[in-house]
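Comments concern the structure below.
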Amino acid sequence: MKFTAYSPPYLQLDKHESVRGSQYAAQAYRTLLDEHGLVGLMGRRGNPYDNAMMESFMKTLKVEGIYPMAFESAEDVAEHLPRFIDSHNERRLHSALGYLSPNRFEEEQPRKPVKSAA
């Protein structure tokens, strides 16, 4: 099994999320993830909603941020992606957030104190 990955320098990727499938649960695949310092994640059996928010965002990213553009390389996409995400988080309203943008929603949430591990 060959593993090739491109990770833009601004991303810290340490998780790989997948659908439930035997190929993703196979020991060889899990070992390969481990060898590359990745943690495999998958939704619970029979629950199609575990990954719904991420799939919705990926659809929006493809339809609004990738397909309309004329990218010539993966580097072009990597350069454009942070601007798209920043714009998405600043301006796009979400019904699940009470029709607020993700940034506005985060700003309005009360901060809970974090207990020290020490």
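Let's see how each residue does on (1) modelled with pLDDT of 80 or more; (2) farther than 22 Å from His88 by Cα; (3) more than 16 Å from the chain's Cα centre (by Cα); (4) not assigned by TED's automatic domain parsing to the domain that holds Val77:
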residue	(1), (2), (3), (4)
Ser22	no, yes, yes, yes
Ala28	yes, yes, yes, yes
Leu33	yes, yes, yes, yes
Leu41	no, yes, no, yes
Gly46	no, yes, yes, yes
Ser56	yes, no, no, no
Thr60	yes, no, no, no
*asked:* Regarding the stretch 60-70, can at least one residue be identified that is of a type outside the set (S, T, N, Q) and within 23 Å of Leu41 (Cα to Cα)?
replied: yes
*Which ones in the stretch 70-118 are outside any helix (DSSP H, G or I) and surrounded by 12 or more Cβ atoms within 10 Å (Cβ to Cβ)?*
Phe71, Arg92, Leu93, His94, Leu100, Ser101
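The values are calculated or read from the model by the stated rules, or taken from the named source; none is laboratory data. As the structure is a prediction and not an experimental result, all values here were calculated from the model. We place every Cβ from the backbone using ideal geometry, glycine too, and count neighbours over all the protein chains shown.
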